[in-house]
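Trainee: Okay, here's the structure, questions in a sec.
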Amino acid sequence: MKYAFLIFIFFLTACKEDDNEIICTTEFVYGLNITVKNADTNMIITEGITVIATDGNFEEQLMNMVGSDSFVGAGERAGNYVIEITSSNYQTYISEVIVIDEDVCHVIPKVLEVLLQPN
């Protein structure tokens, strides 16, 4: 038992990393992840929905990946976004400014849920 403890201490000190070293993952992180729901039924809606994120002169239509219930965008792009959600079946939604921050590796995602009022 005494030897096991000494071996543990050896590995603990031998594997110490430099405190200034930051290791980032290679994953691609979307800053915006938005779920859109019908305000009356609380059901998720993706068909016939357009989600646009605007940050100054930058504009992006968010994507709805096949099999996903949400719209994603602002990939690895920090900024101050206004979200506009439109559909012929629902009232247009325009958000307040949504701030997407970043750390040394990636953006820090915002997960939002928006309720749309049917026409």
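A short reminder: the numbers here are calculations on the coordinates, not readings from a lab. Model, not experiment: these values are computed from the prediction. Methodologically, a virtual Cβ is constructed for each residue, glycine included, from the backbone with ideal geometry; neighbour enumeration extends over all protein chains shown.
Trainee: Output the relative contact order of segment 28-116, whole-number percent, from Cα pairs under 8 angstrom with separation of 6+ residues.
Mentor: Dividing the mean separation by the residue count of segment 28-116 yields 38 percent.
Trainee: Same structure, new question: Taking neighbour Cβ counts within 10 Å as the exposure measure, how do Val97, Val66 sort from fewest upward?
Mentor: Val66, Val97
Trainee: Still on this structure, I have one more. Find the centroid of the Cα atoms in segment 18-53 and in segment 54-93, then give the distance between the two in whole Å.
Mentor: So the separation of the two Cα centres works out to 9 Å.
Trainee: Would you work out which of Met63, Val111, Gln91 lies farthest towards the positive end of the dipole of segment 28-116? Charges go on Cβ: Lys and Arg +1, Asp and Glu -1.
Mentor: Gln91
Trainee: Please arrange Thr25, Thr35, Thr92 by counting, for each residue, the other beta carbons lying within 10 Å of its beta carbon, fewest first.
Mentor: The most exposed by this proxy come first: Thr25, Thr92, Thr35.
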